[in-house]
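Each remark here refers to the structure printed beneath this line.
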Amino acid sequence: MAAPRAPLHLVTPVWNRGTRGTRGLSRAVAPEGSQKKGRSLLRFLADRFYDVQALREYLLRKQVLKVHQKNRPFTYIKERFGPHAAGAYFILKQGGAVKFQGKEWIRSDARGHFSLDFLKFQAVPVEAVDASGCAINYQGLDSVLALKELQSLWLQRCPHVDDWCLGRLHPLANSLQELSLAGCPRISERGLASLHHLQNLRRLDISDLPAVSNPGLTRILVEEMLPSCQASLLSSNSLPGLGEVSHPRKLHSPNPLTSPYLATTTSRNPCS
Amino acid sequence: MLRRALQPGLSRGVLGRGLGTHRGRSTLGKVEGSGGYRGSWVAPVSSYVTFRTRDPTHDGKTVGRLGEGDQNGKVSEIKKKIQSVLPRGAWNPLRDTSYLPPEHSDVVIVGGGVIGLSVAYWLKRLEKPQGAIRVLVVERDHTYSQASTALSVGGIRQQFSVPENIQLSLFSVEFLRNINEYLAVVDDPPLDIQFNPSGYLLLASEKGAAVMESSVKVQRQEGAKVCLMSPEQLRNKFPWINTEGVALASYGMEHEGWFDPWCLLQGLRRKVQSMGVLFCHGEVTRFVSSSSHTETTSGEEVTLRRIHEVHVKMDRSLEYQPVECALVINAAGAWSGQIAELAGVGKGPPGTLQGTQLPVELRKRYVYLWHCPQGPGLETPFVIDASGAYFRREGLGNNYLGGCSPTEEEEPDPGNLEVDHDFFQDKVWPPLAQRVPAFETLKVRSAWAGYYDYNTFDQNGVVGPHPLVVNMYFATGFSGHGLQQAPAVGRAVAEMVLDGHFRTINLSPFLFNRFYLGEKVQEHNII
């Protein structure tokens, strides 16, 4: 056949990890047994009753629409305050953090509130965006791509960032110097191949990508593709065991050690 | 109606269709009673006759018995019949016919490849109210061993010169990107079509540079993200290219790349089955149609045909089922020409509309997989050289897929799917090695061949109804870019069927009429 076909079931455990992470923000990991029983009962009913099937399809559809709603563009803010403010507002609304040039990091608190002072900044560009753990997807990247002077973009553990999104990052090629994709469940080496447009990239974090089939080889190929960029497989940012449950607000604070302006020591994986 | 009921051949009767499936001289060996009938107790004359012919040894017995002759033979026959009716007998009135297609279906889609399944999906998705239309997909090879979909290289691009092609491809890319929203089935794992967003790189020589520029203008107007590169920019970006002879290159930045067509096919299949479309493993052997004569406004006589039944023959048997249908959709890919002939398309004096055949035929194309350790890196796009040879990367291990379309004179015989390795040596390798010097040393790992549903008229698809066979719709003839347009074409055909006109993308240039009127849709970027 045309391409080596990965069996569909390989994706299931990855998917489950991702969605459980976003849905289960407020509850602890449920015990396996009861979840499975509940699911098989629902499946039994859905196979036999059209109403149950329609209900389940409706609930699935609602989940998808929820993500779409989170990624809607804020056109009024864009027109009134400019693309930088609109991008910052979008990221803050999702629960991320934004750093304007010459200012401190702005992030929303535990309840999702944030100050609107940044709307008063007149055309100050956004320098760094931390969207770790946010439900940003292909549509939502519109707001980020409008930030023409973005230097540092962190998309760690974003469940909806996939290969298509990486193919979209080329407008940031002039300014982007640091990109972190650690822990994104949907990114594979195919999306990483489209990063070659980002010629100014200096630091790339591709650690803990479950969908990448061969991390060591991928890192070598990415470094060949982007000669002036350091691709790292072991990031000092990612905490152990963060594959499933994501707590984006508390644990991930902007670490001064990973600022693009300070030299970092990245431990390299010995070639396996 | 009455006349047809009285016709002995059809023998439909007042209670619906006849009893049992219509069978040729099959020797299935078991007593097949009446299959699929509605409870009528009329003694099946046909099956009585077949019962006789099915048991030649029985005749032998009657001859063998001395002196008793025919009388005893008849008695033992009746005895056998009574025995089979009683419990423990072989006669089963409620015979399991689940392997047969249904007797009635609103739409019959001939061909279960990506185009046929896409049409089925959109029909079920766009129908109002839900569940109104019964759709049957007839596919004669469930392993898809010769289907163009499964053997395709899997690329998708917007770099066409015809605006409709670009629009089709743009919508298909959007479909693929959101495939888990379109084809989501509750409780089933999501699909991973393994899309590589690496883009396409088309190279043009001096001759083709002007055409490429105008094509890129059209592409940009439609919304494709394509950039033009000079040879110098090309060398900077892709140092492994030898730009000798290249005047201009167009590079797709977004929405282009390649993916796994098998995954798309199985995803469509799964979703379509969950929406209630029936599948049948069989082959269409005959269309039963009726014709009516009318006059055009200018006084010419026109014969319109309407298909009433599709005879679906079961796999590896002579048994067939007549499926009464309202519409037939011809999505048989490379074999669409044969299906159209069965329906009576092209039966007439040449040069007239009746005599215009569907110009889709099988063409064999080779794809080769080779390994080149020093080859281009991870950023390699799908490169199409000015000479027509193409290649793309496959996986992480420096493997590459590629091929070339042969010229008209060198067309291989499409009788089988055997690969000609000399073709690689003579026609594919030289231009690629000239373009990418690293390909001087390579080793071919494997190769395969597949069919194009090649439209000999203008190498673009045929979509829409036939003007004379009024209930046959075409969705075929895409000549190598069917996979990348499949979702959009499916939607267009579904709109045509349900609304009578194209709603989102206007595919009127792709209707069947153009073969008679001679209006070619010239597409420059055909691989």
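The values are calculated or read from the model by the stated rules, or taken from the named source; none is laboratory data. None of the values given here were measured: they were computed from a predicted structure. Here the Cβ positions follow ideal geometry from the backbone for every residue, glycine too, while neighbour counts run over all protein chains shown.
Within region B:283-310, if we keep just the residues that are within 22 Å of B:Val360 (Cα to Cα) and without any contact (Cβ under 8 Å) to a residue 60 or more places away in the chain, the residue that is nearest to the chain's Cα centre (by Cα) turns out to be B:Thr285. Note on region B:161-170: residues that are touching a His at 6+ places or on another chain (Cβ under 8 Å) and of a type in the set (A, V, I, L, M, F, W, C) amount to 1.
For B:Glu164, indicate whether it is crowded, with 20+ Cβ neighbours inside 10 Å, of a type outside the set (Phe, Trp, Tyr), more than 24 Å from B:Gly267 (Cβ to Cβ) and away from chain A (no Cβ under 13 Å).
Numbers: crowded, with 20+ Cβ neighbours inside 10 Å: yes; of a type outside the set (Phe, Trp, Tyr): yes; more than 24 Å from B:Gly267 (Cβ to Cβ): yes; away from chain A (no Cβ under 13 Å): yes.
It is true that B:Glu164 is crowded, with 20+ Cβ neighbours inside 10 Å, of a type outside the set (Phe, Trp, Tyr), more than 24 Å from B:Gly267 (Cβ to Cβ) and away from chain A (no Cβ under 13 Å).
Could you please let me know if A:Ser259 is within 11 Å of chain B (Cβ to nearest Cβ) and modelled with pLDDT under 90? Taking the combined requirement at face value, the residue does not satisfy it.
Residues in region B:304-348 that are part of a strand (DSSP E or B) and in contact with a helix residue (DSSP H, G or I) (Cβ under 8 Å, 6 or more places away or on another chain) were compared, and the one that is surrounded by the fewest Cβ atoms within 10 Å (Cβ to Cβ) is B:Leu327. Exactly one condition in (1) over 21 Å from B:Leu234 (Cα atoms); (2) in contact (Cβ under 8 Å) with a residue 60 or more places away in the chain is not met by B:Glu408; state its number. Answer for B:Glu408: the failing condition is (2). With respect to A:Val129, determine if the residue is within 11 Å of chain B (Cβ to nearest Cβ) and either at pLDDT below 95 or farther than 28 Å from B:Ile156 by Cβ (or both). No; evaluated as a whole, the condition is false for this residue. Screening B:Phe171 with (1) modelled with pLDDT of 95 or more; (2) within 14 Å of chain A (Cβ to nearest Cβ); (3) surrounded by fewer than 24 Cβ atoms within 10 Å (Cβ to Cβ); (4) touching a Pro at 6+ places or on another chain (Cβ under 7 Å) gives one miss only, at (2). On the basis of being surrounded by 16 or more Cβ atoms within 10 Å (Cβ to Cβ), under 30 Å from A:Ala54 (Cβ atoms) and hydroxyl-bearing (Ser, Thr, Tyr), does B:Ser274 make the cut? Judged against the criteria, B:Ser274 is a match.
Within region B:132-158, the set of residues being over 17 Å from B:Ser118 (Cβ atoms), in contact with a helix residue (DSSP H, G or I) (Cβ under 9 Å, 6 or more places away or on another chain), part of a loop (DSSP other than H, G, I, E, B) and within 13 Å of another protein chain (Cβ to nearest Cβ) comprises B:Gln146, B:Leu151, B:Val153.
Among the conditions (1) under 24 Å from B:Gln484 (Cβ atoms); (2) part of a loop (DSSP other than H, G, I, E, B); (3) more than 14 Å from every other protein chain (Cβ to nearest Cβ), the only one that B:Gly116 does not satisfy is (2). Each residue in region A:76-105 was checked for being crowded, with 18+ Cβ neighbours inside 10 Å and in contact with a strand residue (DSSP E or B) (Cβ under 8 Å, 6 or more places away or on another chain), and 10 of them qualify.
Per-residue answers, yes or no, for (1) out of contact with any helix residue (DSSP H, G or I) (no Cβ under 7 Å at 6 or more places or on another chain); (2) part of a helix (DSSP H, G or I); (3) without any contact (Cβ under 8 Å) to a residue 60 or more places away in the chain:
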residue: B:Asn460; (1), (2), (3): no, no, no
residue: B:Val463; (1), (2), (3): no, no, yes
residue: B:Pro467; (1), (2), (3): no, no, no
residue: B:Tyr473; (1), (2), (3): no, no, no
residue: B:Phe478; (1), (2), (3): no, no, no
residue: B:Val497; (1), (2), (3): no, yes, no
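B:Pro322 fulfils the conditions (1) within 14 Å of another protein chain (Cβ to nearest Cβ); (2) farther than 27 Å from B:Asp458 by Cβ; (3) touching a Ser or Thr at 6+ places or on another chain (Cβ under 9 Å) except for a single criterion, (1). Residues that are within 14 Å of another protein chain (Cβ to nearest Cβ) and buried (at least 20 other Cβ atoms within 10 Å of the Cβ) were ranked within region B:354-371; the one that is farthest from B:Gly477 (Cα to Cα) is B:Tyr368.
Checking the condition of a type outside the set (Lys, Arg), in contact with a Lys or Arg (Cβ under 7 Å, 6 or more places away or on another chain) and closer than 28 Å to B:Asn506 by Cβ, which residue from B:Gly223, B:Gly154, B:Gly252 passes?
Of the residues listed, the single one that is of a type outside the set (Lys, Arg), in contact with a Lys or Arg (Cβ under 7 Å, 6 or more places away or on another chain) and closer than 28 Å to B:Asn506 by Cβ is B:Gly252.
Here A:Leu65 meets each of (1) within 30 Å of B:Val186 (Cβ to Cβ); (2) at pLDDT below 90; (3) among the hydrophobic types (A, V, I, L, M, F, W, C) with one exception, condition (2). Scanning region A:138-152 for residues that are within 13 Å of chain B (Cβ to nearest Cβ) and over 21 Å from A:Leu204 (Cβ atoms) returns A:Gln139, A:Asp142.
Residues of region A:190-232 that are assigned to a helix (DSSP H, G or I) and more than 9 Å from chain B (Cβ to nearest Cβ): A:Pro215, A:Gly216, A:Arg219, A:Ile220, A:Glu223.
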